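These notes concern the structure reproduced below.
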Amino acid sequence: MMFALICIPTITEASIGSWCVANPKIPDQVVQAAAVWVCQQSGVDCGRIQRGQNCFLPNTIKDHASVVFNTYYQIYKHQGGSCDFKGAAEITNTDPSKQPYQNPVVVF
């Protein structure tokens, strides 16, 4: 008699999720205005995207906005917070930190 051992990987919270990122179809000035709103009005600490901090690079409007949007989303999603910012952001199920560039994203 032959037995086969089959390993079925389990899905963990770390391997699935949703992230809020800047919408690539929206002009930079619209995305930037939404990110400024988040930084000024929501209580999110945007210091991580400042020069010399861990989320400064890559230094683009959309990368910085993605950090800000996702930080807001991860903090407030269970309290009714959304990921839209008047169309400047969108949900992705692909972890942005796994993209070709390294852009650390915090998941709370």
Output for the stretch 47-63, where each listed residue is open to solvent by less than 30 Å² (accessible area, probe 1.4 Å) and closer than 22 Å to Gly17 by Cα = Cys55, Asp63
Is it the case that some residue within the stretch 83-94 is part of a helix (DSSP H, G or I) and either at pLDDT below 90 or not polar (S, T, N, Q) (or both)?
-> no
Which residues, taken from the stretch 13-46, are polar (S, T, N, Q) and either open to solvent by 30 Å² or more (accessible area, probe 1.4 Å) or touching a helix residue (DSSP H, G or I) at 6+ places or on another chain (Cβ under 6 Å) (or both)?
-> Ser15, Gln29, Gln32, Gln40, Gln41, Ser42
Residue satisfying all of: in the stretch 58-81; assigned to a helix (DSSP H, G or I) and small (Gly, Ala, Ser); nearest to the chain's Cα centre (by Cα) among these = Ser66
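The values are calculated or read from the model by the stated rules, or taken from the named source; none is laboratory data. Just so you know, these numbers come straight off a predicted model, no measurement behind them. Here the Cβ is made from the backbone with ideal geometry for all residues, glycine too, and neighbour counts use every protein chain on show. All accessible areas refer to the heavy atoms of the entire protein, side chains included, with ligands and DNA or RNA removed. Shrake-Rupley method; radii C 1.70, N 1.55, O 1.52, S 1.80 Å.
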